[in-house]
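All of the numbers you see were taken from the coordinates with simple rules; none came from a lab. Model, not experiment: these values are computed from the prediction. For neighbour counting, all protein chains shown are included, and Cβ atoms are generated from backbone atoms with ideal geometry for every residue, glycine included.
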Amino acid sequence: MRIAYTKAEERGDMDRLLAGVAEDLAARGLRCCGIVQINSPDCDNRTCDMDVQVLPDGPRIRISQSLGPEARGCRLDVGALETAVGECERRLDAQVDVLIVNKFGKREAEGGGFRALIAEALSLDVPVVVGVNGLNETAFLDFTAGAAVALPPRAGAVRDWVIAAAAPLDATA
């Protein structure tokens, strides 16, 4: 099983890291599938619109919903997230070099979201990179049965792992 994860401490760091890695990998000719999160440049610390870009060439989908200025609950639009999952499912095949999932979040921890797509990628022997936050790290490690490789939150480390993991298995022998 070729799966790795990384964590970033500051808000938005994971999104920028994985978006940059996906761009770098694509420029190197690797075929990426999955999603990266694109945050609005003019958001405050609490109410950013959450958009995801479906890789490699899919639509940008808003996965947050506006609940009003006083709302404190989760703003995730579950229907929009499932639309993003469906877009990724249509693009995933054994020719993909890597599946990138911006976050193993609450939906994945509960058994939904991108969880089945991650499992499908692994069954196709496609390497997977996932962003994980502290709240859902235990659920992620349980899901992967502890087989996931922890990577430092540095673009070079994530990129290098993907390049090595995407190499044909007989080429690494």
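Only beta bridges with both residues in the chain are counted; by DSSP, about 40 percent of them are antiparallel.
Scanning the chain for trypsin sites (Lys or Arg not before Pro) in DSSP loops with at most 13 other Cβ atoms within 10 Å, what's the longest stretch left with none? So the longest stretch without any such site is 73-153.
Comparing mean-square fluctuations of Val162, Val78, Val129 from a GNM of the chain with C-alpha springs under 10 Å, the top value falls on Val78. For region 101-137, GluC sites (Glu not before Pro) are listed when DSSP marks them as loop and at most 15 other Cβ atoms sit within 10 Å of their Cβ; the list is Glu110.
Quarter the surface of the alpha carbon convex hull of region 3-167 and you get the mean projected area, 9.1 square nanometres.
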